[in-house]
Amino acid sequence: MYVVIFITVSNKKEAKRIADGLVRDKLAACVNIVDKLESFFWWQGKVDKAKEMLLIAKSKKQNLNRIIKLVKSLHSYEVPEIIALPVVAGYKPYLRWIDESIRKPS
């Protein structure tokens, strides 16, 4: 199953470090970095807010545990957002490209 993973981060340096790690380790075929995100959330019993960036990674469900492990190892947050959503359909050549991009060399 193909998945799209949302990961919020605190700054561009962290965003690039995580995106690069996911792609280089062939855990994600592509990671988009969306800048200038403003988040409102509950944290430690009160409403908080932060300027963040959003990573959108394209991968497969079978990679999710390794993605979570890598993101946690590079992330500055105590509880990082790492949410995977299923891809219910897609352009078949793009989905094949995901497969080819995350395939480990034999």
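Out of all the residues in the range 30-64, which are in a helix (DSSP H, G or I) and either open to solvent by 60 Å² or more (accessible area, probe 1.4 Å) or at positive phi (or both)?
K61, Q62
Within the range 5-14, identify whether any single residue is exposed (fewer than 15 other Cβ atoms within 10 Å of the Cβ), in a strand (DSSP E or B) and either charged (D, E, K, R) or on the phi < 0 side of the Ramachandran plot (or both), and answer yes or no. If you could, list the steps in order and put the result at the bottom.
Restricting attention to the range 5-14, the residues satisfying the condition of being exposed (fewer than 15 other Cβ atoms within 10 Å of the Cβ) are 6, 11-13.
Narrowing further to those that are in a strand (DSSP E or B): 6.
Within this subset, residues satisfying the condition of being either charged (D, E, K, R) or on the phi < 0 side of the Ramachandran plot (or both) are 6.
Checking the range 5-14: at least one residue is exposed (fewer than 15 other Cβ atoms within 10 Å of the Cβ), in a strand (DSSP E or B) and either charged (D, E, K, R) or on the phi < 0 side of the Ramachandran plot (or both).
Look through the range 65-89, keep the residues that are over 19 Å from R17 (Cβ atoms) and surrounded by 13 or more Cβ atoms within 10 Å (Cβ to Cβ), and return whichever of them is farthest from the chain's Cα centre (by Cα).
V87
The values are calculated or read from the model by the stated rules, or taken from the named source; none is laboratory data. Everything numeric in this text was worked out from a predicted model, so none of it was measured. Cβ coordinates were reconstructed from backbone atoms using ideal geometry, including for glycine residues, and neighbour counts include every protein chain displayed. With ligands, DNA and RNA removed, areas are computed over all heavy atoms of the protein, side chains included. Shrake-Rupley method; radii C 1.70, N 1.55, O 1.52, S 1.80 Å.
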